[in-house]
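Pasting in a structure now, in structure tokens, and then I'll have a few things to ask.
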Amino acid sequence: MAESENRIAVIGMIIEDRRQAEKVNALLHQYGPYIIGRMGLPYEKKQVNIISVVLDAPMDAISALSGKLGRLPGVSARAIYSKAERDKQGGQGD
């Protein structure tokens, strides 16, 4: 698979330091063209925010965003990638 091919991925985040919210949102805005959807859940009982972001992007962009998010203090982030690129008709890529 060429590096320029897009993959579907989910980046899951747990934000323990709410002061990082502005930086998280700035990064998500920067990668906005790749974002398909986002869901955020405040979990008041544990004083954390849980965010999942679904992307359709080149692997290097997904890795870069996940890494930048995970390097923020008080933010944990991990990416889960689709197994293969899908073609335009929805079939399995070669």
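The values are calculated or read from the model by the stated rules, or taken from the named source; none is laboratory data. Quantities reported herein were computed from a predicted structural model and do not represent experimental measurements. A quick note on method: Cβ atoms are made from the backbone with ideal geometry, for glycine too, and the neighbour counts reach across all protein chains shown. Surface accessibility is based on the protein's heavy atoms, side chains included, excluding ligands, DNA and RNA. Shrake-Rupley method; radii C 1.70, N 1.55, O 1.52, S 1.80 Å.
Between residues in the range 14-27 that are surrounded by 13 or more Cβ atoms within 10 Å (Cβ to Cβ) and residues that are in a helix (DSSP H, G or I) and not aliphatic (A, V, I, L, M), which pairs lie under 7 Å by C-beta distance while being six or more apart or on different chains?
Correct list of pairs: Leu27/Lys68.
Continuing with the same structure: Restricting to the range 47-94, count the residues that are modelled with pLDDT of 95 or more and of a type in the set (Lys, Arg).
3
Check off (1) within 19 Å of Pro73 (Cβ to Cβ); (2) touching a helix residue (DSSP H, G or I) at 6+ places or on another chain (Cβ under 6 Å) for Ala9 and give me the number that stays unchecked.
That leaves (1) as the condition not met.
Of all residues in the range 28-48, which are open to solvent by less than 40 Å² (accessible area, probe 1.4 Å), under 16 Å from Val75 (Cα atoms) and either of a type outside the set (A, V, I, L, M) or assigned to a strand (DSSP E or B) (or both)?
Once the filter is applied, which keeps residues that are open to solvent by less than 40 Å² (accessible area, probe 1.4 Å), under 16 Å from Val75 (Cα atoms) and either of a type outside the set (A, V, I, L, M) or assigned to a strand (DSSP E or B) (or both), the range 28-48 yields only Val48.
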